[in-house]
Structure formats: structure tokens, C-alpha cells
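Everything on this sheet refers to the single structure shown next.
FYI, it's all coordinate maths here, none of it is from the lab. The model shown is predicted, which means the values in this text are computed figures rather than measured ones. Backbone-built Cβ (ideal geometry, glycine too); neighbour counts: all protein chains shown.
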Amino acid sequence: MDYTIVPVSKEDADAVIGIFNYYVENSFAAYPEGPVPPQSFDLLVNLSAGYPFLVAKDGEGKVLGFALLRPHNPMPVFYRTAEIACFIAPEHIGKGIGSAMQDVLLHEAREKGISSILAAISSLNSASIAFHKKRGFQECGCFQKIGRKWGQDFDVVWMQKMI
């Protein structure tokens, strides 16, 4: 499958929120219990301000997924650490898009002087945990029963990759 990875633009807002809401409504990969409004795109843009926020698009310009980095902590002493998020449209999972997007994010992170990438993953999202392990992330911590979605408690597993 041919696709390109480019910086996100305002024109991608509906597609990005559509993909995110799929995970909101069908999984523990996104934490809200119900769909987020279109304005949530602006929140994602603001969270990642100064960091890469990418989309993968097919040859016709359809968004296949998105990925971003954001600061782990706003205090300047943590400038070398970023958190990663990646969501791929369900029909395109397993095609290498997430790996390719992560590669671009890690390259851009190195250029920014970032040396540590963190991923906060629901313990009920075993596919994401496995994906990150395959990509060289190591589990570095777990906050037990800090999340509750649809009446079900879950842990948040922290994974880290030094780059």
C-alpha cells in the first residue's frame, strides 16, 4: 500500500477525530468513555505544539492514521523526554503504517534533542503493549487501577525507549 507521512493540517481534523473516536468507542486505547467533539482536534494540536504531529495519507489524500509527540512534563528539566501517541484506522492496522510513523517521530525527536520516549498504555490494550515491545520499548512502570472506563478498572503501563 502506498502512503505518505506528512505534518497534520487543519484539513485533517475530521479524519483524525474520526479515527480517535473509533478507539474511544471500541477499545481501551483512548481513554474518554464517549466520542469527543471536533474541537478536540485543537486540543491535540495544542498538546503537541512544538513537537511533530503527523498523518499517514493514501494516494487519494485519505488519512490512514495519526501520530504525535508531546512533552512529558512542561518543566524545562524534562526537555529530553516526550510522550508518544499513535492511532491507525482499524482497517489499516498491521500494514506497517504505525511503525513507519513511529520511525519518523523518533527521527524528528532526535533532531529536537529528545533522548527518551514514553508511552502510557492501558493494561487492557495488549495489542499496543505488544507493538511497543516489538519496537524496542521496555516496560518501566505500572500505575495500578488508576483508570476506569465503562465500569472496568485498568492499570496504566508505562513503556520507555531510549533513542
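Couple of notes before you dig in:
- His92 fulfils the conditions (1) under 21 Å from Gly18 (Cβ atoms); (2) surrounded by fewer than 17 Cβ atoms within 10 Å (Cβ to Cβ) except for a single criterion, (2).
- Annotation: of all residues in region 140-161 being surrounded by 12 or more Cβ atoms within 10 Å (Cβ to Cβ) and either basic (Lys, Arg) or touching a helix residue (DSSP H, G or I) at 6+ places or on another chain (Cβ under 8 Å) (or both), the one that is farthest from Ser99 (Cα to Cα) is Lys149.
- Subset of region 42-92 (residues that are in contact with a helix residue (DSSP H, G or I) (Cβ under 6 Å, 6 or more places away or on another chain) and among the charged types (D, E, K, R)): Arg70
Rundown of residues vs (1) surrounded by fewer than 19 Cβ atoms within 10 Å (Cβ to Cβ); (2) under 17 Å from Tyr3 (Cβ atoms); (3) free of Cβ contacts under 8 Å to residues at least 60 places away in the same chain, yes/no style:
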{"site": "Val24", "(1), (2), (3)": "no, no, yes"}
{"site": "Phe28", "(1), (2), (3)": "no, no, no"}
{"site": "Gly34", "(1), (2), (3)": "yes, no, yes"}
{"site": "Ser40", "(1), (2), (3)": "yes, no, yes"}
{"site": "Asp58", "(1), (2), (3)": "yes, yes, yes"}
{"site": "Val63", "(1), (2), (3)": "no, yes, yes"}
{"site": "Leu69", "(1), (2), (3)": "no, no, yes"}
{"site": "Asn73", "(1), (2), (3)": "yes, no, yes"}
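Residue-by-condition table, conditions (1) of a type outside the set (Phe, Trp, Tyr); (2) farther than 26 Å from Asp58 by Cα; (3) assigned to a helix (DSSP H, G or I):
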residue	(1), (2), (3)
Ile84	yes, no, no
Gly94	yes, no, no
Asp103	yes, no, yes
Arg110	yes, yes, yes
Ile121	yes, yes, no
Phe131	no, no, yes
